[in-house]
Each structure stands twice: as C-alpha cells, then as structure tokens.
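Before any comments, here is the structure.
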Amino acid sequence: MDQALIKKYIRNCFLQYAHNQTSIPVGDEDYKDLIQQVEQIRKQQPSLEVHEIVHDVVYEYLTV
C-alpha cells in the first residue's frame, strides 16, 4: 500500500482524537515508525482493514 496514503490515514486519525493540523504530536521519524507498524500488522493479519490497524496503532502511540 502507498505510504503517503497510510500517512494520510494516520493524520486523519490524529484529527479524530481532537488534534488539529498544528497540534499533531508526530514528526517525520514518528510517521515512518507508525507507517512501518501499520505495514507490518497488515502483512501479519491481511484480513484486517487498514483503517482498523491505523486506529489501533495511533491509539497505542497516544497512550504510551
């Protein structure tokens, strides 16, 4: 899957968690890590929807 699309899903997920464009707490390195996590989970569990995976990964990022 295109990494730019996954990044967009991640950004939109942060916006759903009450962040705005300027308050998203993620830098370029964090985006790369989050994208890699999403891709890894997607390979391990291809039956899951990408949106589900992104929400799980972002939730874990925000709660750790």
(request) DSSP loop (so not H, G, I, E, B), at most 10 other Cβ within 10 Å: list which chymotrypsin sites (Phe, Trp or Tyr not before Pro) in the stretch 20-64 pass both filters. (result) none
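Could you pull out the GluC sites (Glu not before Pro) across the chain that fall in loop regions by DSSP (anything but H, G, I, E, B) with no more than 16 other Cβ atoms inside 10 Å?
Hits after loop and neighbour filter: E49.
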(request) Mind sorting out which of [x] 17; [y] 20; [z] 40 is the real percent of Cα pairs over 20 Å apart computed from the coordinates? (result) [x]
(request) Heavy atoms only, probe 1.4 angstrom, no DNA, RNA or ligands counted: give me S23, S47 ranked by accessible area, highest first. (result) S47, S23
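Could you work out [θ]222 nm for the chain from helices alone, using -39500 (n - 2.57) per DSSP H run of at least four and dividing by all its residues? Round to the nearest 500 deg cm²/dmol.
Details: 3 runs with 45 residues, N = 64.
Using -39500 (n - 2.57) per qualifying helix, the result is -23000 deg cm²/dmol.
Just subtract the alpha-carbon distance of V50 and L15 from 0.36 nm times their residue separation and send over the number in nm, one decimal.
Values: separation 35, 0.36 × 35 = 12.60 nm, distance 1.68 nm.
Full-extension gain reported as 10.9 nm.
The values are calculated or read from the model by the stated rules, or taken from the named source; none is laboratory data. Please read all numbers here as calculations on a predicted model, not as lab measurements. Using ideal geometry, Cβ is built from the backbone for each residue, glycine included, and neighbour counts are taken over all protein chains shown. Accessible surface areas use protein heavy atoms only, side chains included; no ligands, DNA or RNA. Shrake-Rupley method; radii C 1.70, N 1.55, O 1.52, S 1.80 Å.
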